[in-house]
Amino acid sequence: MTEAGQRKITVSGRGQVSAPPDLGHLRLGVRVTNRDPEWALRTSTERIGAVQEALKDAGVAEDDITLGWFSITTVHDHVDGRRTFRGYQVSHDLSVTVRDIQRTGELLSLAVHSGADDVRGVSFSVEDPSPWIDRARERAFENARHKANELARLSGTELAAVVSIRETTYEPVEIERHEFRAMAAAPMSLSERPPDVPVNPGDAEFSVQVEVVWEIAA
């Protein structure tokens, strides 16, 4: 677009790149309900501890297993219009970072078989997005320059210096692939290898949009 009297062309450009994720993220935990809150808390602690130990024995670093959520709430049933106290529910969730992304399905299955009965989801991300954003930025600027050159050609003018550049970067949120509730399973030894849960990380999309203003050559 040419601004009358100012001899400028303003265009927008967009660049996008796809990147393979290199981190997996598991959100899982245990739910224990009982009329005795101390029993529920003790049982929950034992079960989540078993899950943590199984993951660490499988090679997950302790720093990559963090508390995601913890709560104690009352649970009621509603039958025939009546509200009946069922007990206290202890919820204990873990956030697990999987640095060998190919093991995501294996570790998910291991956690379930070690006592996790509530899987909130599996997601994937790119640990260092900087090179991908840089590449998207280059494409965005080239796209803007191509548009500006076309406008200049069509209007019988030529581009001069860049007056200003404004950028907007869109980084992807974690790629969600699975979300389901796992049925409670009896803990099993590591020698009994459970079947891996099939996962497909897909690609992360990085996008940059720029608005560039060029002077028009006299």
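The values are calculated or read from the model by the stated rules, or taken from the named source; none is laboratory data. In this text the structure is predicted, and so the values were computed from the model without any measurement. Every residue, glycine as well, gets a Cβ built from its backbone with ideal geometry; the counts of neighbours run over all protein chains shown.
List of remarks:
- In summary, Pro21 fulfils each of the numbered conditions (1) within 18 Å of the chain's Cα centre (by Cα); (2) not in a loop (DSSP other than H, G, I, E, B) with the single exception of condition (2).
- Any pair with Cβ under 6 angstrom, 6 or more apart, that starts in the stretch 146-159 at a residue that is assigned by TED's automatic domain parsing to the domain that holds Ser12 and ends at one that is surrounded by fewer than 16 Cβ atoms within 10 Å (Cβ to Cβ): Ala152/Glu158; Glu158/Ala217
- When the stretch 92-139 is filtered for residues that are more than 15 Å from the chain's Cα centre (by Cα), of a type in the set (Lys, Arg) and under 11 Å from Leu28 (Cβ atoms), nothing remains.
- Among the residues listed as Val162, Val79, the single one being among the β-branched types (Val, Ile, Thr), touching a Phe, Trp or Tyr at 6+ places or on another chain (Cβ under 9 Å) and more than 30 Å from Gly24 (Cβ to Cβ): Val162
- Exactly one residue out of Asp77, Asp57, Asp63 is touching a strand residue (DSSP E or B) at 6+ places or on another chain (Cβ under 8 Å) and acidic (Asp, Glu), and it is Asp77.
- Yes/no for Gln89 being without any contact (Cβ under 8 Å) to a residue 60 or more places away in the chain and under 18 Å from Asp196 (Cβ atoms): no
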